[in-house]
Each structure stands twice: as C-alpha cells, then as structure tokens.
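Peer 1: Got a structure for you, written out below as structure tokens; questions coming shortly.
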Amino acid sequence: MSIEKQVDSSRRGLLVATCAAGGVVGLGATGALVSTFQPSERAKAAGAPVEVDISSLQPGELKTVEWRGKPVWILKRTPEMVESLAKDEAELADPKSERTPDDLTPEYARNRNRSIKPEILVAVGICSHLGCSPSQKFTPGAQPSLPDNWGGGFLCPCHGSTFDLAGRVFKNKPAPDNLQVPRHMYLGDTKLVIGKDEKGEA
C-alpha cells in the first residue's frame with residue numbers, strides 16, 4: 001500500500017510538472033502567433049499620418065520629413081517666392097494642376113500656390129519622371145542647367161526636369177506631372193499633419 005502511494009505521488013508530480021511546462025510553452029506560442037497578426041511599430045509609422053511642428057520654420061527655409069518612406073518637403077515661401085508663382089504660368093505644363101488631380105493634388109491645393117496657406121508648400125520630393133529627388137534651386141537668375149530667367153524652384157539632377165516653387169513642372173521636360181501634394185491639414189498655426197485631412201487618411 002505504501003509503495004502504491006509512493007508511485008502515485010511521483011506520477012502526480014511528474015504530471016503537474018509536465019502540464020505546467022506545456023502551459024508555459026503554449027502561452028508563449030500563442031503570444032508569438034498573435035503578435036504576427038499585429039503590424040510592427042515601424043509598419044504602423046510608415047503608413048500613419050505624421051505630425052510636424054513648423055513653429056521654427058523660417059521664410060525661405062525647407063524642412064524634409066518622412067511619410068510612407070517618401071521625403072515630404074515643407075517649404076515656407078517668402079512673399080517674393082509667392083509672388084513669383086504668377087510669372088511662371090505660361091511656361092508650365094500643368095499650371096492649374098488639372099492632370100490626375102485626385103492622385104496628385106487634393107481639391108484644397110488646386111490653386112496657384114498648390115497649398116492651403118499661400119506661404120506653405122507641402123509636396124512629396126520625388127520627381128514624376130523616374131523617382132529621383134530634385135534639388136533646391138531657390139536662388140533666381142541664370143545658373144548651370146537652368147534658364148537665364150530662372151525664378152527659383154527645383155531641379156531634378158537625373159534628367160533635368162524643373163519645377164517651380166509650387167512643385168509645378170515646366171513644359172518640354174521629361175517629368176510628365178507636377179510634384180504630388182499629399183493630403184494634409186493644420187492643427188493650429190504651428191502644427192501640420194501629413195497623410196490626413198478633414199476627409200480622412202490618405
């Protein structure tokens with residue numbers, strides 16, 4: 001009788017230990033499995049709207065932030081830069097942003113400035129030709145690879161496409177379209193959200 005109790009006791013201990021170990025492994029596996037269904041923080045950040053503080057942005061200064069793996073430019077234009085936008089229109093391929101507007105230009109940016117506020121341009125810094133990133137050429141006047149009457153804007157170093165200070169492409173250039181203006185909105189005077197507007201997220 002005492003031998004049977006001893007055997008039952010050891011079996012019981014072994015059974016309890018096995019169940020406990022199995023439970024821990026099971027919980028661990030379940031946790032790992034559940035985590036694979038949830039997007040990583042990096043993935044969330046890649047597609048999520050981005051908030052940007054523009055309180056320190058000075059006139060004539062450009063700030064670059066990343067949204068969905070793309071460079072997004074925020075340019076605070078000077079009054080002279082804003083004024084120059086009216087002078088370029090005859091030389092632009094799509095001055096009113098009428099080409100594929102739903103993909104490239106939200107309704108509230110289908111104006112000469114291509115922006116909500118005249119002084120602030122928000123644009124994806126990727127050329128519509130082959131995806132290079134144009135360079136800043138804000139200084140007006142004749143320069144290498146630019147016309148003598150250059151009023152300031154952007155030059156794509158890959159194939160020479162030029163864009164004005166509203167991201168509108170000039171005629172007879174390889175780039176077929178203006179730079180994309182992403183959905184955006186303001187949270188007050190100094191905070192900007194890229195990737196979201198009053199209609200929802202991009």
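Peer 1: Between residue 61 and residue 143, what is the label-point separation in nm under the 7 Å Cα-to-beta-carbon projection?
Peer 2: Here the answer is 1.9 nm between the modelled labels.
Peer 1: Okay, next question. When the accessible area of the stretch 45-201 is split by element with a 1.4 Å probe, what percent falls to carbon and sulfur? Before the final figure, lay out the partial values.
Peer 2: Details: 3680 of 7640 Å².
Whole-percent figure for carbon plus sulfur exposure: 48.
Peer 1: Distance between the C-alpha centers of the stretch 130-202 and the stretch 67-122? Whole Å please.
Peer 2: Using only Cα atoms to place each centre, the spacing works out to 7 Å.
Peer 1: Roll a 1.4 Å probe over the protein heavy atoms and report the accessible area of residue 159 in Å², nearest 10.
Peer 2: 100
Peer 1: Give the lysines reachable from residue 173 as a straight Cα distance under 23 Å; neighbours fewer than 8 places away on the same chain don't count.
Peer 2: Straight-line reach from residue 173, under 23 Å: 70, 87, 96, 137.
Peer 1: If you don't mind, another one. In square angstrom, what is the accessible area per residue of the stretch 45-201 with a 1.4 angstrom probe? Can you show the working numbers first?
Peer 2: Values: 7640 Å² over 157 residues.
Averaged over the residues of the stretch 45-201, the accessible area is 49 Å².
The values are calculated or read from the model by the stated rules, or taken from the named source; none is laboratory data. This is a predicted model, so every value here is computed, not measured. Because the Cβ atoms are built from the backbone with ideal geometry, glycine has one as well, and the counts that use them run over all protein chains shown. What goes into the accessible areas is simple: the full protein's heavy atoms, side chains included, and nothing from ligands, DNA or RNA. Shrake-Rupley method; radii C 1.70, N 1.55, O 1.52, S 1.80 Å.
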